[in-house]
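One structure below.
The values are calculated or read from the model by the stated rules, or taken from the named source; none is laboratory data. These numbers come from a predicted model, not from an experiment. Note that each Cβ is placed from the backbone with ideal geometry, even for glycine, and that neighbours are counted across all protein chains shown. Heads up: the accessible areas ignore ligands, DNA and RNA and are worked out on the full protein's heavy atoms, side chains in. Shrake-Rupley method; radii C 1.70, N 1.55, O 1.52, S 1.80 Å.
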Amino acid sequence: MKRAELILGRELMPLYEKVMQGKRLSFEDGLLLYRTPNLSGVGYLANLVRERLHGNRAYYIRNLHINYTNICNKGCKFCSFYAKKGGPKPYTLTMDEVRERLQSYRHIPITEVHIVGGVNPRLPYAYYLDLVRTVKAERPEVHIKAFTAVEWGEIARVARKPLAEVLQEMKAVGLGSVPGGGIEVLSDRIHAELFPKKIDGKRWLEIAREIARAGLKQYATLLYGMGETIEERVQHFIALRELQDETGHFLALTPLAFHPEGTELEHLPHTTGYEDLRNIAVARLMLDNFPHIKSFWIMNTPAVTQIALWYGADDVDGTVHEYEIVYQDDAPGVRQQVLTRAELIRLIREAGREPVERDSLYRVVSSE
Ligand code: SF4
């Protein structure tokens, strides 16, 4: 019996044939990948694709996150970040505070500043332009990845201009690409239950198309563990895959584990390592036209990320520095969250992969 047959068994062998021939997996295949107890088999298949695309390389980036405001009028039930009674205190960073934060990291080489925040209706269009300009003025060499689709909807609203025009104006002041997020999972049911005030899936896809038309690259995410079904997750992957066929502008997808503490869904359990690995592996297999699958260590721990490098992930994200959306040690108030470059390299090497520093567009910065 061949090695693949031993690992995959009769249940997954038909998928092996498809994967080896580079054939697209169907909705039913996606469900099977979620339902089978043979997680090692799913990981084996995902690793075949991962190594075909990236060999032994595992990418990381040196980056800094700026969460410019936690004031938000959307009230998503899964969110612990936005300011509310009994929760985080409201803040909006001034340009001086943004400058100070960047200056406090001036001795640290970074290639990317990642900017996201709440939907704060009091912010004028000029604030967003100033934010990008300020970061660019302080760190002219960095790539600016900014604003999720829901923020882009808000920016166009306050600018009173078509989104296409706003995107061009933002590009002119320094915008480089657009992060994922802003939809969590493309499901009308989940949208109605958990984040009805936020843009729906149809609008999210329209905004993503506009971002592609503006000549910008974009990232995508799946937030899992908040009550969505496996059918909804597979459908999410298929909708993104179809859009990518059309635009080719997505660089990577990150499956993000839901953290219930501080949210309205606190009764839900944490995701497990088993689930985290499965979501990464299924994403790799279903998203055959996405170049990269990322395991974001803040969301699923550095330990799971190491194993994920053998379950379809080729990227561990970055050094991060400050991240206020979710706390990796689940200790609200501890804003500093960082893995140094040396720690990331060690994490990757220890997992048997070859570390490669990348920039935001996956160009190689250094082969260590
Ligand atoms: Fe606001 Fe985003 Fe949190 Fe929803 S997820 S409440 S849009 S900050």
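What number of residues within segment 115-163 are under 22 Å from the mean Cα position of the chain (by Cα), within 16 Å of the ligand (Cβ to nearest atom) and in a loop (DSSP other than H, G, I, E, B)? Residues flagged as under 22 Å from the mean Cα position of the chain (by Cα), within 16 Å of the ligand (Cβ to nearest atom) and in a loop (DSSP other than H, G, I, E, B) within segment 115-163 amount to 6.
Out of ILE71, ILE108, report the one residue that is open to solvent by 10 Å² or more (accessible area, probe 1.4 Å) and at pLDDT below 95. Step by step, each of ILE71, ILE108 is checked, and only ILE108 is open to solvent by 10 Å² or more (accessible area, probe 1.4 Å) and at pLDDT below 95. Determine whether PRO37 is open to solvent by 70 Å² or more (accessible area, probe 1.4 Å) and outside any helix (DSSP H, G or I). Criteria met by PRO37.
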